[in-house]
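S.K.: Questions regarding the structure given below will be posed in turn.
Values quoted throughout were computed directly from the atomic coordinates according to the rules given, and no laboratory measurement underlies them. All values reported here derive from a predicted model rather than from experimental measurement. Note: ideal-geometry Cβ built from the backbone for every residue, glycine included; neighbour counts use all protein chains shown.
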Amino acid sequence: MRAPYSQIIVLLSGLSLAAMIAAQPPGRFGGPRMRGQSLTSQPLARNEAEKRILATLQSIVDNHKTYLSVPMEDGIALRLLAETAGAKNVAEVGTSTGYSGLWLCLALRSTGGHLTTFEIDHERAAMATGHFKEAGVDNLVTIVEGDAHANVAKLKGPLDLVFIDADKDGYLDYLTKLLPLVRPGGLILAHNIEMASDYVKAVTSNPGLETIFYMQGGGLGVTVKKH
């Protein structure tokens, strides 16, 4: 079931406020706290299937730290946004080793959805395949290897959620190709948006889009397609 547009906006506002609080020095917002302390709680498994995914996520952190595509805070945000939106058809540009995809899969197990994820590097795609199998979610994921700029054009809509975390100078092209496939009320998420100024300009100057920037982790742009 899809969440109402207003519910998604409330969640986005909450994420933005949490990030703002986390950036404050001690003594702000009612009480002392350590500078740099994260407000994000550790995720807890609701069942054995989620425990298996979370164990795989921890294994990636322990063994492949240099290949993490997002920090844990942003991974949790991906999961919350996808689940709140009731996302069923999700596209990810930039699989890496599957870390961010596994956070999305935590949501897709609840929504009954599927992830199509694009990766240009064969070695990383192979590692991601192994991680998805290890987590028991390989049936929820299709990995497409090759140049995503060409391959995303083959996607079929409507898409409920798009996550872009690939070549930063290509963000605008991905947005241009994927936005028409996103349903009204759907989400477009982009990581490390401070490195993609043309993308930021595009999502903040289009009256059909509503965008906030969640900066607690690696800089996440969250855009709702209004119509």
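S.K.: With labels modelled as points extended 7 Å from the Cα through the Cβ direction, what inter-label distance (nm, one decimal) is found for residue 204 paired with residue 121?
M.R.: Distance between label points: 3.0 nm.
S.K.: Then there's this: Under a plain spin-label model, where a point goes 7 Å from the Cα along Cα-to-Cβ, how far apart in nm are residue 154 and residue 46?
M.R.: My value for the distance between the label points is 3.4 nm.
S.K.: Mind checking which aspartates and glutamates have their C-alpha under 12 Å from residue 226, skipping anything on the same chain fewer than 8 residues away?
M.R.: Qualifying aspartates and glutamates at Cα under 12 Å: 210.
S.K.: Under a cut-off of 28 Å between alpha-carbon atoms, report the lysines in cross-link reach of residue 225, not counting same-chain residues fewer than 8 places apart.
M.R.: 88, 154, 156, 168, 177, 201
S.K.: For a distance above 16 Å, tell me the whole-number percent of Cα pairs in the range 56-127 that qualify.
M.R.: 45
S.K.: Near residue 51, which lysines are there with a Cα under 16 Å away, not counting those fewer than 8 places off in the same chain?
M.R.: Of all the lysines, those that pass the test against residue 51 - Cα under 16 Å, at least 8 places apart if same chain - are 133.
S.K.: Taking neighbour counts of Cβ atoms within 10 Å as a proxy for exposure, in what order, fewest first, do 176, 56 appear?
M.R.: Sorted ascending by nearby Cβ count, the order is 176, 56.
S.K.: Which peptide among 115-122, 93-100, 208-215 comes first, and what is the full order, when sorted by highest mean count of other Cβ atoms within 10 Å?
M.R.: My ranking of the peptides, most packed first, is 93-100, 115-122, 208-215.
S.K.: Additional query: Under a 5 Å amide H to amide H cut-off, with H placed in plane at 1.01 Å, what residues pair with residue 114 once short-range neighbours are removed?
M.R.: Residues meeting the criterion, in which the H sits 1.01 Å from N, are 89, 90.
S.K.: With the Cα gyration tensor of the range 67-192 in hand, convert its eigenvalues to equivalent ellipsoid semi-axes via √(5λ) and list them largest first in whole Å.
M.R.: 18, 18, 13
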